[in-house]
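Inspection log for the structure reproduced underneath, given as structure tokens.
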Amino acid sequence: MKKNILLTAAALVTTLAGVAQWQPAGDRIRTQWGEKLDPQNVLPEYPRPQMVRGDWQNLNGLWDYAILPIGQTPDKFQGQILVPFAVESSLSGVGKSLGKDNELWYNHSFTVPAKWNGKRVLLHFGAVDWKADVFVNDILAGSHTGGFTPFSLDITPYLKAKGEQKLVVRVFDGTDKGYQPRGKQVLNPNGIWYTPVSGIWQTVWIEPGAKSHISGIKAIPNLDQKNIAVTVAAENCTTGDLVEVKILDKGKLVASATGLPGNPLRLGIAEPKLWSPDSPFLYDMEVSLRQGEKTVDKVDSYTAMRKIGTKRDKGGILRMTLNDKPLFHYGPLDQGWWPDGLFTAPTDEALLFDILKTKELGYNMIRKHVKVEPARWYYHCD
């Protein structure tokens, strides 16, 4: 008992020491949200509103890091970095350039909740720029290239039966000295070119799931036919597995359908409520994966009824339409950069602020410039 208390106390002291040492790097402009950032509670919101599971664990926070020449592995780490802020950013607490000849190493540990026993454990990265190799307990669990896209790994085979799990991520990002899509990033930012973004820059999290689980949802509304075609992707399905989709309006069932994973299910909505920038009505959507009478996976999502098209006006000019009415698109070119977080907004409130301010200024669109935003940004737009 005494030993457990001492170990807990030691871990707490180590955690508090790391938090006390963290501070924004450099003298860059700081946003009001960055000034108030709590390193123990970084972007705590569920990061994927389009496909929500109720049980999850956020891995954002202070991780160990090292920047080493390509091919070298860290014997020890050089300090702590605040995930998910890029290593070049002020809010990372590091503020260093990675460069084309180095790799960025991350080290972190986590424990899997006991109530997840018997379930698969999925590890999710919102985005890592650019090439990431992920090791769990010193075993390569997977690799990914693409600085703007999310990826997930089933890490169940690499987990220890109990205790702390070791997570190491190795990142290479050559920026403009590499060949990858990089937007406006250059190693020597000037003029219209911006600071590089290297490493983890969106939320990292784990969640439990069944071996057979939902992996994607695509909903396409058809206003003319008053229905929505919903296609549910699922992994590791067995013969006879079915998906069920329910569409709800404030808890009231509007439509439902059941069918095979990967096949479009058409759900009719007799009196659809339309979505527009001025009236952004969203339907709730519940999606389940069933094996016989048993529901093995369930996620919450949302959808909307809207129609995008074109129509010629009286002068013969082709106009864009929303819900069969001409809509003049009026809005700014949005780079999506933050002075203290670079690609990453300091908080979800900050992410939402830009969208609301854009509407307050009278605009009805945002033209996102050579950047894919986190999923929560699109949710706020929706």
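The values are calculated or read from the model by the stated rules, or taken from the named source; none is laboratory data. Keep in mind it's a predicted model, so treat the numbers as computed, not measured. Don't worry about glycine lacking a Cβ; one is built from the backbone with ideal geometry, like all the others, and counts go over all protein chains shown. Each accessible area value is taken on the protein alone, full model and side chains, heavy atoms only, with ligands, DNA and RNA left out. Shrake-Rupley method; radii C 1.70, N 1.55, O 1.52, S 1.80 Å.
Summary table below
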| quantity | calculated |
| --- | --- |
| Unmet requirement for residue 234, which otherwise passes all of (1) part of a loop (DSSP other than H, G, I, E, B); (2) touching a residue at least 40 places away in the same chain (Cβ under 8 Å) | (1) |
| Criterion violated by residue 271 - all others in (1) of a type outside the set (Phe, Trp, Tyr); (2) closer than 30 Å to residue 324 by Cα; (3) more than 21 Å from the chain's Cα centre (by Cα); (4) in a strand (DSSP E or B) satisfied | (4) |
| Single match in 246, 314, 307, 294 (criterion: out of contact with any Lys or Arg (no Cβ under 8 Å at 6 or more places or on another chain), of a type in the set (Lys, Arg), within 30 Å of residue 357 (Cα to Cα) and open to solvent by 50 Å² or more (accessible area, probe 1.4 Å)) | 307 |
| Condition broken by residue 141, with the remaining ones in (1) farther than 18 Å from residue 165 by Cβ; (2) open to solvent by less than 30 Å² (accessible area, probe 1.4 Å); (3) free of Cβ contacts under 8 Å to residues at least 24 places away in the same chain satisfied | (1) |
| Residues located in region 354-371, provided they are open to solvent by 70 Å² or more (accessible area, probe 1.4 Å) and without any contact (Cβ under 8 Å) to a residue 60 or more places away in the chain | 356, 357, 360, 361, 367 |
| Residue list for region 273-291, filter: over 26 Å from residue 363 (Cβ atoms) and open to solvent by 20 Å² or more (accessible area, probe 1.4 Å) | 284, 286, 290, 291 |
| Top-ranked residue of region 183-203 - restricted to ones that are among the aliphatic types (A, V, I, L, M) and crowded, with 24+ Cβ neighbours inside 10 Å, ranked as farthest from residue 100 (Cα to Cα) | 200 |
| Subset of region 127-143 that is out of contact with any Lys or Arg (no Cβ under 9 Å at 6 or more places or on another chain) and either assigned to a strand (DSSP E or B) or at pLDDT below 95 (or both) - its residue that is farthest from residue 155 (Cα to Cα) | 128 |
| Residue tally, condition in contact (Cβ under 8 Å) with a residue 12 or more places away in the chain, open to solvent by 40 Å² or more (accessible area, probe 1.4 Å) and closer than 24 Å to residue 166 by Cα, over region 19-44 | 3 |
| Which listed residue, of 318, 351, 333, is within 30 Å of residue 25 (Cα to Cα), free of Cβ contacts under 8 Å to residues at least 40 places away in the same chain and in contact with a strand residue (DSSP E or B) (Cβ under 8 Å, 6 or more places away or on another chain) | 333 |
| Residue identified as surrounded by fewer than 22 Cβ atoms within 10 Å (Cβ to Cβ), among the aromatic types (Phe, Trp, Tyr) and without any contact (Cβ under 8 Å) to a residue 60 or more places away in the chain among 110, 135 | 135 |
| Failed item, numbered, when residue 195 is tested on (1) closer than 22 Å to residue 351 by Cβ; (2) under 19 Å from the mean Cα position of the chain (by Cα); (3) among the polar types (S, T, N, Q) | (2) |
